[in-house]
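Here's the structure we're looking at; comments come further down.
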Amino acid sequence: VKIVPRSNLNFGVDDYATFTVDELVRTAVAVNISNNATLTDDIVFSLYTDSDWSWGWNMQNVNGNEAFTTLAAGTQTYVYLWVDVPAVENGAPLAETGPRFILSAISGLDKDVETWTFDLLMNEKKNASIDGLESSLTVAPNQDGRLQAVVRNVGNTANTLNITLQVLTANGDPIPGTPRADRFNASGWVVALFGGLENVLLQPNESRSIEIGFQAPNEFQGELHVELRVFAEGAASSLKTARTVAVINRISSGEITHDA
């Protein structure tokens, strides 16, 4: 039996707190702790989480995953730590979800443990991707064909996608006088987007297959370069693009039979 002085450590906040965080931002967390015992206490701090988010201490005395401080009776100090918030990828973490962290203060007087729990909840992130687009299409004069593409909502909330087409020069520059649209005529070609369904919500990481249709002019040769442009509604600055080309190919064939 060992008789020791009784500790009395108290974090200066509620037992549980939540914080909203943004992707790719190092988030600093600080909480005060008081020593309400009658003796000086040598305190060991540790942090537990079942997530793989990186974290560390902004404290003077650190050894590995633990931090240390000595706190006189009737005084208080602050515990400082940081957490690196990862990027939202493939719709995760979902908005308003995130890992839990448990901060523990272990008294050097009687080994009693005082804990404080906080959750870091991911802020809304809107984003889209183009996961695939066929590189080219060959059509006969005055005939039509379609290319396949796959677009995806990679943001962490349900959202709609803004999908348009832009006609380009062979060098990849927009042709003057041809604004972005889901259907247009250019140089005798008719180009249209099929299956965009821009008013239908896509859940986080949900994809949709779309088609780009080409109607070729009645010419023996020619080509048309087109850019697919996609962004999540509310995130025009995160525009994604992919390019393709339709080429006219005149194929003639015949068959002759001769009876002697």
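The values are calculated or read from the model by the stated rules, or taken from the named source; none is laboratory data. Worth saying up front: this structure is predicted, and the values here are computed from it rather than measured. Neighbour counts are summed over all protein chains in view; Cβ atoms, including those assigned to glycine, are modelled from backbone coordinates with ideal geometry. What goes into the accessible areas is simple: the full protein's heavy atoms, side chains included, and nothing from ligands, DNA or RNA. Shrake-Rupley method; radii C 1.70, N 1.55, O 1.52, S 1.80 Å.
Pairs linking a residue in segment 171-187 that is open to solvent by 90 Å² or more (accessible area, probe 1.4 Å) to a residue that is of a type in the set (Ser, Thr, Tyr) and not in a loop (DSSP other than H, G, I, E, B), with Cβ atoms under 7 Å and 6 or more positions apart or on different chains, are Arg180/Thr164.
Taking the options Ala28, Ala17, Ala67, name whichever one is free of Cβ contacts under 8 Å to residues at least 60 places away in the same chain, in contact with a strand residue (DSSP E or B) (Cβ under 6 Å, 6 or more places away or on another chain), farther than 26 Å from Asn127 by Cβ and outside any loop (DSSP other than H, G, I, E, B). Talk me through it step by step, then tell me what you get.
Numbers: Ala28 fails: farther than 26 Å from Asn127 by Cβ; Ala17 fails: free of Cβ contacts under 8 Å to residues at least 60 places away in the same chain.
Within the list Ala28, Ala17, Ala67, the selection yields Ala67.
The residue pairs whose first member lies in segment 232-252 and is assigned to a loop (DSSP other than H, G, I, E, B), whose second member is of a type in the set (Val, Ile, Thr), and whose beta carbons are closer than 7 Å, counting only pairs six or more residues apart or on different chains, are Glu233/Thr160; Asn249/Thr138. Just name the residue that is most open to solvent (accessible area, probe 1.4 Å) out of those in segment 47-64 that are outside any strand (DSSP E or B) and free of Cβ contacts under 8 Å to residues at least 40 places away in the same chain. Applying the filter and picking the extreme gives Gln60.
Can you tell me which residues in segment 30-58 are within 14 Å of Asp112 (Cα to Cα) and of a type in the set (Asp, Glu)? Result: Asp41, Asp42.
Being of a type in the set (S, T, N, Q) and surrounded by 16 or more Cβ atoms within 10 Å (Cβ to Cβ) is the requirement here; does Asn35 meet it? In short, yes.
Taking (1) in contact (Cβ under 8 Å) with a residue 60 or more places away in the chain; (2) open to solvent by less than 50 Å² (accessible area, probe 1.4 Å); (3) closer than 18 Å to Val247 by Cβ in turn, Thr157 satisfies each apart from (3). All of Val13, Val25, Val83 fail the test of being within 33 Å of the chain's Cα centre (by Cα) and surrounded by 13 or more Cβ atoms within 10 Å (Cβ to Cβ), apart from Val83. Test Glu227 against the stated conditions and say whether it is under 18 Å from Asp131 (Cα atoms) and assigned to a strand (DSSP E or B). Yes, satisfied.
Kindly evaluate Ile163 against the criterion of being β-branched (Val, Ile, Thr), in contact (Cβ under 8 Å) with a residue 40 or more places away in the chain, touching a strand residue (DSSP E or B) at 6+ places or on another chain (Cβ under 9 Å) and open to solvent by 30 Å² or more (accessible area, probe 1.4 Å).
Values: β-branched (Val, Ile, Thr): yes; in contact (Cβ under 8 Å) with a residue 40 or more places away in the chain: yes; touching a strand residue (DSSP E or B) at 6+ places or on another chain (Cβ under 9 Å): yes; open to solvent by 30 Å² or more (accessible area, probe 1.4 Å): no.
Judged against the criteria, Ile163 is not a match.
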